[in-house]
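Beneath this line is the structure, given in structure tokens, with notes to follow.
The values are calculated or read from the model by the stated rules, or taken from the named source; none is laboratory data. Quantities reported herein were computed from a predicted structural model and do not represent experimental measurements. Note: ideal-geometry Cβ built from the backbone for every residue, glycine included; neighbour counts use all protein chains shown.
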Amino acid sequence: MKKARIAILGDGGWGTTLAVILNRKGYKVTLWGAFKDYAAYLNKKRINTKFLPGVKLPHDLEITHDLKKALKDKDLVVIAAPSQHMREVLKKVKRAGYSREAVYLSVTKGIEIPTLKRMSEVIHSELGNIKLGVLSGPTIAHEVAFGVPTTAVVSSHDKAVRKYLQNIFMSDKFRIYTNPDVVGVELGGSLKNVIAIACGISDGLGFGTNTKAGILSRGLVEMARLGHAMGANAGTFSGISGLGDLVTTCISNYSRNRFVGEQIGKGKTLKQVSGSMQMVAEGVPTAECAYKLSLKYKVDMPIVKEVYRVLYKNKSPLKAVKELMTRQKREE
């Protein structure tokens, strides 16, 4: 059976990691970068110093800024663009010419401002009725690139697509499960970033593990609550793409979202923190989207609401904590 030819759109840490691990499995992979100079730098240096330092890029991994070249004759197109740039990348894909026969995979965790659409919805709205899956889970890019045992979930409404993607990505170091609940898998991967910011704020304020455990457990309740209102299976949030990803993002020192929260807890402004970062912290725009979704679906999400107010309304983190702790008494 012929091996799939694969394009990965996005040369950030996660896109580069997936390109490396698929290349190791023997697939012919083309990595596309949005910025011509940086794609040329990657081609020459063979190391992604900005987004994946310390990981050597294989000599036979094709790297290009030419989108037509990247998409030509591909069987699988993996889209790893940041959520707020997803639509503009898809418009470029349409202009470059894309195959309706290929399988497409979103590996982006986020919700689009101002449409409040999940990434699969954005992709379908731009590329039409294509074969599409999403991949999510506790996948810190450095750990996956260095072969640390990792689990993730592939979701699609199409069972054949789920199996196809599972077979491509599965290895002895990267275990892939399947789940038909696209809404739940995407929301889990997106909303956990907001809760991770809350955990980071707790760290920055100098609170302990008791506090973090409370944020994690009640944050998971909020995630499942909104997911259920939006048509997801509440059980999905107890799985790898929900609880698993939530725990990793809230405790890892590699977590960009936890880092943002920590710096804000220490007294920095969002503008100061964002200006010092090379990589995108998806939880920042997602906090706004999650808050608006909670209003739209009339779902109580107190942690999300306070994170939104701290990030966008300049609310004091300590005041936000006090209000969370002194809310009206209730049963769990």
Practice prompt. Considering each residue of region 293-332, count those that are of a type in the set (Gly, Ala, Ser) and either within 21 Å of the chain's Cα centre (by Cα) or over 17 Å from Cys199 (Cβ atoms) (or both), and give that number.
Written response: 2
Worksheet, complete the sentence: So the strands (runs of 3 or more DSSP E) completely within region 127-210 holding 3 or more residues that are over 21 Å from Ser255 (Cα atoms) are 131-136, 174-179
Practice prompt. Kindly check whether there is at least one residue in region 259-266 that is out of contact with any Cys (no Cβ under 9 Å at 6 or more places or on another chain) and surrounded by fewer than 20 Cβ atoms within 10 Å (Cβ to Cβ).
Written response: yes
Worksheet item: Under 7 Å by Cβ, and 6 or more places apart or on different chains, what pairs join a residue from region 308-332 that is without any contact (Cβ under 8 Å) to a residue 12 or more places away in the chain with one that is outside any helix (DSSP H, G or I)?
Response: Arg309/Lys315
Discussion item. Tell me yes or no: at least one residue of region 221-241 is under 24 Å from Pro82 (Cβ atoms), in contact with an Asp or Glu (Cβ under 6 Å, 6 or more places away or on another chain) and crowded, with 23+ Cβ neighbours inside 10 Å.
Written reply: yes
Fill in: Options Asp172, Asp245, Asp158; residue that is in the same structural domain as Arg95 (by TED's automatic domain parsing) and touching a strand residue (DSSP E or B) at 6+ places or on another chain (Cβ under 7 Å)
Asp158
Worksheet item: Are any of the residues in region 85-97 outside the structural domain of Met277 (by TED's automatic domain parsing) and at pLDDT below 95?
Response: yes
Worksheet item: Which fully enclosed helices (runs of 4 or more DSSP H) of region 212-292 have 3 or more residues being within 17 Å of the chain's Cα centre (by Cα)?
Response: 245-251, 256-265
Worksheet entry | Residue among Val78, Val29, Val55, Val89 that is closer than 24 Å to Thr286 by Cβ and assigned to a strand (DSSP E or B) | Val78
Practice prompt. Look at Arg327 and say whether it is surrounded by fewer than 20 Cβ atoms within 10 Å (Cβ to Cβ), in contact with a Pro (Cβ under 9 Å, 6 or more places away or on another chain), over 26 Å from Val107 (Cα atoms) and not polar (S, T, N, Q).
Written response: yes
Discussion item. Which condition from (1) surrounded by fewer than 21 Cβ atoms within 10 Å (Cβ to Cβ); (2) among the β-branched types (Val, Ile, Thr); (3) under 24 Å from Thr249 (Cα atoms) is the one that Thr108 breaks?
Written reply: (1)
Discussion item. For region 225-255: of the residues being touching a Ser or Thr at 6+ places or on another chain (Cβ under 8 Å) and aliphatic (A, V, I, L, M), which is nearest to Lys109 (Cα to Cα)?
Written reply: Ile240
